[in-house]
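S.K.: Sharing a structure, written as structure tokens. Questions coming.
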Amino acid sequence: MNPTRTPQDSAIDRSWALNQIGGDEELFGDIATVFLADSQGLKRQLASDLASGERNAIHQTAHCIKSAVGNFGARHAMAAAQALETAAKEDARSDLPQLTETLLRELNAVEDALRPYAA
């Protein structure tokens, strides 16, 4: 089950992410910039995977997204990616559209949270 984020709950854990990279604000901005560029392709790939119904591809893309958002301590996006990854692995096809929608919503929230820091 995906945790529900409240409006006061940030999509990322900036303090945690900064701690992982030694507090380097410039590096954080660079990583945010790369993520923002890459996330567009990940969203397109996820939509394509869902349209094709290829559950192995959905699983793989969800796993990539989970890893990418994990760099920012984005626990809600990670949980959404994990839920989609699990559903694809277990062939729960009826759950895939809703789980994909949830993941895309969380991915958008991560993007929004990172834009102010992008270089």
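Throughout, read-outs are computed from the coordinates displayed, never taken from laboratory work. The model shown is predicted, which means the values in this text are computed figures rather than measured ones. Every residue, glycine among them, receives a Cβ derived from its backbone with ideal geometry; neighbour counts consider all protein chains shown.
S.K.: Give the residue that is surrounded by the fewest Cβ atoms within 10 Å (Cβ to Cβ), with candidates limited to residues of the stretch 60-103 that are charged (D, E, K, R), out of contact with any helix residue (DSSP H, G or I) (no Cβ under 8 Å at 6 or more places or on another chain) and in a helix (DSSP H, G or I). Before you say what the answer is, go through the steps one by one.
M.R.: Just the residues of the stretch 60-103 that are charged (D, E, K, R), to begin with: 66, 75, 85, 89-91, 93, 95, 101.
Keeping just the survivors that are out of contact with any helix residue (DSSP H, G or I) (no Cβ under 8 Å at 6 or more places or on another chain) gives 75, 90, 101.
Adding the requirement that they be in a helix (DSSP H, G or I) leaves 75, 101.
Numbers: 75: 19, 101: 13.
For the stretch 60-103, the residue satisfying everything is 101.
S.K.: Of all residues in the stretch 22-42, which are closer than 14 Å to residue 114 by Cβ and either among the aromatic types (Phe, Trp, Tyr) or surrounded by fewer than 18 Cβ atoms within 10 Å (Cβ to Cβ) (or both)?
M.R.: 25, 27, 28, 29, 30, 33, 34, 35, 36, 37, 38, 40, listed by residue number.
S.K.: List pairs: first in the stretch 26-49 and under 17 Å from residue 103 (Cβ atoms) and touching a residue at least 60 places away in the same chain (Cβ under 8 Å), second assigned to a helix (DSSP H, G or I) and polar (S, T, N, Q), Cβ under 7 Å, 6+ apart or cross-chain?
M.R.: 42/61
S.K.: Checking residue 106 against (1) free of Cβ contacts under 8 Å to residues at least 40 places away in the same chain; (2) touching a helix residue (DSSP H, G or I) at 6+ places or on another chain (Cβ under 7 Å); (3) not hydrophobic (A, V, I, L, M, F, W, C): exactly one of these is not met. Which one?
M.R.: Of (1) free of Cβ contacts under 8 Å to residues at least 40 places away in the same chain; (2) touching a helix residue (DSSP H, G or I) at 6+ places or on another chain (Cβ under 7 Å); (3) not hydrophobic (A, V, I, L, M, F, W, C), only one is false for residue 106: (1).
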